Each structure stands twice: as C-alpha cells, then as structure tokens.
Amino acid sequence: MRMKGRIINEGNAEGEAVVSREPIGFYGGIDAKTGIVIEKGHELEGKSVKDKILVFPRGKGSTVGSYVIYGLKKNGVAPKAIINEETETIVATGVILANIPCIDGIDVSKIKTGDKIKIEGDEVIVNE
Amino acid sequence: MYLTKEEEKMLEGEYGEATRKAMKLLVKLGDIYGAEKMVEVSSAQASGVSYKSIGDPGLEFLEGFAQEGARVIVPTFLNPAGMDLENWKKFDFPEEFAEKQARIINAFKRMRVTISATCTPYYASALPRMNEHLAWAESSAVSFANSVIGALTNREGGPSALAAAITGRTPEYGLHLEENRKPTIVVEVEAEEFEFGLLGNLVGKMVKNKIPYFKGIKKATTDDLKYLGAAMAASGAVALYYVEGITPKASEQETTGLEKTTITTEDLEKRKEELTTADEKPDLIAFGCPHLSIAEVKWISDFLKNRKMKTKLWLFTSTAAKAIADRMGYTENIERAGGSIITDTCMVVAPIEQMGFGTVAVNSGKAAHYLPGFCKQKVIIDSMENLLEKWSE
C-alpha cells in the first residue's frame, strides 16, 4: 500500500512501525535518555521508539516536547521517522530541530505496529 | 510560501547551520498555518528559560544550538529564569538547580540574547511601537504588546521565537494580519471596584481563544491592563483584547452583532471563591506576576512604612526596576518590614515547591491559575492592599 502525504521534514527512512492510536505528548511522555514511553496508562507505555517508524495521529501537551524530540536524537534513541495524521507545531518544531524525517496528512489507521514501512519523498509505502 | 532572495540564502545554509535550521522551522510553521510570506520583526522575546520548565532536554538543545552558531540579529529579550541570577544563595534556591539554570543563561548569552529575564520587557528596555511586527513568546507580554500598544505578534513558542530572533523574520499569519485582529465577543463589565487579575482570570476561562472587547471599564492603569491580559492568557488563550475608550484601535472596531456576555460583582466574587483553596496563614505572599512596575514597588514600600510582615513577602521584578528601588530606598523600606525584592524570576517559574512553601497568597489571576498545578501550592487571591493589611502590623 502506498499513501502520499505532506513533507514536514524531508528524508528517506525504512523500518518497523510502532503505532499509537492516541496522541503523544513527548514532555513527560517519552524518556529522552532511553527512548522508552513513560506516560502512565499510555498504550505504548514501556515500549521503545528507538530506530522505529513512530506513527501517531498528532502531538499533545507541553511545548517543551519539541526539546524532548531533539534530546532523543542527540542521545541516539530517536525514531527513524515520524508519520502523523496532522503534525502540530510541537512535533514540527522538534523534528526540524532534530532533523528527523516526518510526513503528515497520512491516514494512520491503515498502519499497525509491526508493519514494514518505507518513506520515499512524500510517499509512505507499507508492507511492499 | 514566497521567500525573498535573502530568505532563500538563509534556507540554503549560506549563513550557517543554525540560521538554516531556524529559517526551515519558520517556513514549515508558515506552511502549517497557511502563511504566504515572511514579515520582518523589530524585536523578539524568548520563553522557556527556567530550568523548571524546560529541564535537561531544553538545556541540551540551547547549548547545542549556541554551539552550532545560533546568533540573534534583532534585539531579543529573555523571559524570567527559575531564580534570582545574582542572589539565588541568599534566597535558598537549590544548588543543583542553580547550576543548571546558569548553564541555560550562558547558552542564551552566547546567542547574544539580552539577559533581561523579565516578563515585562515593555517596562525595561523593549518598548515596541504601534503596528510593529514582533515575535514575542511570553503570553502576558504578547497580550500587552498586541492590546495596550497595538503592535502585532503571535504567541510564539520558545524555539519559534528564537528562530525569529536568528533570522529577523516570522511567518505572516494569525495576529500579523489585520483581518484576524477583530473582536469576536463583547464583555460588559458591570462591577465598579474590582481586581483586574481576577476579572482576567474569569474572562479568559469563559472566552478561551476569542478576542474580547471590554465595555464598562471606566479607568485602568497600565499595571491594571498588565494583570488583565496576563490572567486572560493563562486561564484562556487570549492574545489580544480591546478596552473601550482605553486601548488603542478600540474605537475603530465594529462590535454590533457580536456575541455578548456580562460580568457582575457577584461573578467576580464567585470566581475568587473558586480560586481560593486555602484559608490558613500563607507561607508566602508573592507579588509580581507579571513583574512589578517601579510604581507598584513604591506603593508597597510606602504602605509598609512602620509596619512588620507577619509572614514572608517576596516581590518579583526586573533588575531594572530593582536598581531604581535600591536607589530610591524602597528596597531598604521593604526589607525593614520583613519583605524581599527578588529579580529575574517569579513564584511560578521558581522551584518554590522544593523550597518549603505550601500556601501562597497572590493578587495575580495568572499566578492563581498556575500555582496549584505547576507549583503544587494552595492559593489565596486578594488585592495587594487587603493582603498586606491582613498580614502585617
């Protein structure tokens, strides 16, 4: 399956999807040192985003979240890429500062955890 | 989005990596919000300064960005930090916190940001003019600049304000466009004597991100408007308001046919009760959210003549106002009565929950909004005069 989106930060990437149906708040939600989701009760709690293609509808919470995305990259535990339904300013700011490929405008309900994802330009390729 | 030749050069990295990143961030944010071009800003004001707010991720970003060569090219001012930058030891700020806070300040200094460390830049070195485009981040200062001065700024985040400072530009959307600056709700004030912070807290909660047009406010000092705007930006997301007969451009606005709401003395009393979560003696009385003007410091100094505080009194202001207070003897008067003037920080962004406080009394509708969650404090809200009268002798 192929889906076209809007490039928020360009770059090609390939990896395994980790999908959250809920929004992600990076500040207090993901540990910048380990890349592990720490928000209590979050569906991804305890899972690592390191080297994954992180898929979620949109960001939420504190604007400090942008800095957490930057910290993930600096500490070598960032996702390879981010795919959103709608990238709001917190995530957009974070991926640009950290230089992580990011696409939005994608129907994320069509992707599930474990899918093989390829990002080429503005295209998301699932399990091909 | 249309970019000038100069902006293209920035985006292509001709001015270095930090400028490239900053321009890219602004272009993407512009795309997200549908901006057609950039506007030049005459000043910027950066938030996200307290170590308590941004933690290690923010600290590491700022140090990294300074290392990459980020340098501001328009006058850029800084929001309050988490401590008095000179006298933190005297007021028992935690040592480890102070060390991290100093690193944040040094990173901003390296980027050539003016370490004004105040939420009232318009009182100390950064007074904009009407119709100037700005990229300010502190929500209360954004409201003041838009409403009381008639300048044009969106409510920036920490990184986007810094990006604007580095490129001298911001994408043209939101409150940079006249058509988005029209009032969307009329607020009729039917109270005579009231605290502007309390009114702001109530109205912000009611109108959320609308643009209120106030009627019925007969007079207001600059400090009154400071408290009104700050509280509306905290309990709601109000970045612009008008007060009939008082703020610029109010007379040019069309209000017929707008949604309308009325605020009475009873509404304000009810809101005061809702915000008051303690009735014991406060551990701390804290004024200066936003930072006190020199006129307020003088008023407090005069009020406390021949009085003694029965609890701790902390007054937060800028180093600029403090210097005048020292010169005028206000600081000495206030200290004689048992109070202190603390610069560069405030009761919200300082780590007061680590410093042994549990109940704080304030006059600020903004502080009353943030203290329970962000600082784990019980709150008493009242006028400066009532609080000082009650807790001094």
Number of partner chain Cβ atoms within 10 Å, mean per residue of B:154-161: 4
Cβ crowding within 10 Å averaged over residues, with B:296-308, B:201-213, B:80-92 ranked highest first: B:201-213, B:80-92, B:296-308
The range B:182-273 shape via C-alpha gyration tensor axes, a/c threshold 1.5: rounded
Cα pair count fraction exceeding 18 Å, expressed as % - the range A:2-126: 42 percent
Per-residue mean of C-beta atoms belonging to partner chains within 10 Å, peptide A:83-92: 2
For A:LYS47, residues with placed amide H under 5 Å, excluding near neighbours: A:VAL37
Helix-only [θ]222 nm of the protein assembly as shown, DSSP H runs n ≥ 4, -39500 (n - 2.57) each, per residue, nearest 500: -10000 deg cm²/dmol
Quotient of C-alpha Rg and 2.2 N^0.38 Å, computed over the protein assembly as shown: 1.00
Candidates B:SER47, B:SER251, B:SER293: whichever shows maximal mean-square fluctuation once chain B is modelled as a Gaussian network with Cα springs under 10 Å: B:SER251
The range B:276-390 - Debye-derived log10 I(q)/I(0), Cα point model, q = 0.17, 0.22 Å⁻¹: -0.76, -1.25
Ranked packing of B:349-361, B:274-286, B:223-235, most packed first, by mean Cβ within 10 Å: B:223-235, B:349-361, B:274-286
Placed amide H near B:PHE214: partners under 5 Å, 5+ positions off or other chain: B:VAL187, B:TYR242, B:VAL243, B:GLU244
Rounded to whole Hz, the Karplus (6.51, -1.76, 1.60) HN-Hα couplings of the range B:181-195, x for glycine and proline: 10, 7, x, 10, 8, 9, 10, 8, 9, 9, 9, 8, 9, 7, 8
Neighbour net charge for A:ARG58 - beta-carbon separation under 14 angstrom, K R +1, D E -1: -3
Expected-Rg normalisation [2.2 N^0.38 Å, Cα atoms] applied to the range B:211-320: 1.32
Whole-Hz couplings from phi, Karplus 6.51/-1.76/1.60, listed for the range B:60-69; x for Gly and Pro: 5, 4, 5, 5, x, 5, 4, 4, 6, x
Net charge over other residues, Cβ less than 13 angstrom from the Cβ of B:VAL49 (K, R count +1; D, E count -1): +2
Ranked by how many other beta carbons lie within 10 Å on average, peptides A:107-115, A:49-57, B:134-142 from highest: B:134-142, A:49-57, A:107-115
Within 10 Å of each Cβ in B:26-35, the average number of Cβ atoms from other chains: 3
Other-chain or far-sequence residues with amide H under 5 Å of A:LYS52's (modelled H): A:LYS80
Cβ-based net charge around B:MET111, under 12 Å, with every Lys or Arg adding one and every Asp or Glu removing one: +2
Phi-based couplings in Hz for the range B:296-313 (Karplus 6.51, -1.76, 1.60; Gly and Pro marked x): 5, 4, 4, 4, 5, 4, 5, 4, 8, 4, 6, 10, 10, 5, 9, 8, 5, 10
Global geometry of the range B:5-178, whether rounded, prolate or oblate, following the gyration tensor of its Cα atoms and the 1.5 cut on a/c: oblate
Residue with peak Gaussian network fluctuation, chain B [Cα springs, cutoff 10 Å], from B:ALA325, B:ALA220, B:ALA368: B:ALA220
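Bear in mind these aren't lab numbers, they're just calculated from the coordinates by the rules spelled out. Quick caveat: nothing in here was measured; it's all calculated off a predicted structure. Counting neighbours? That spans all protein chains shown, and the Cβs are built from the backbone with ideal geometry, glycine included.
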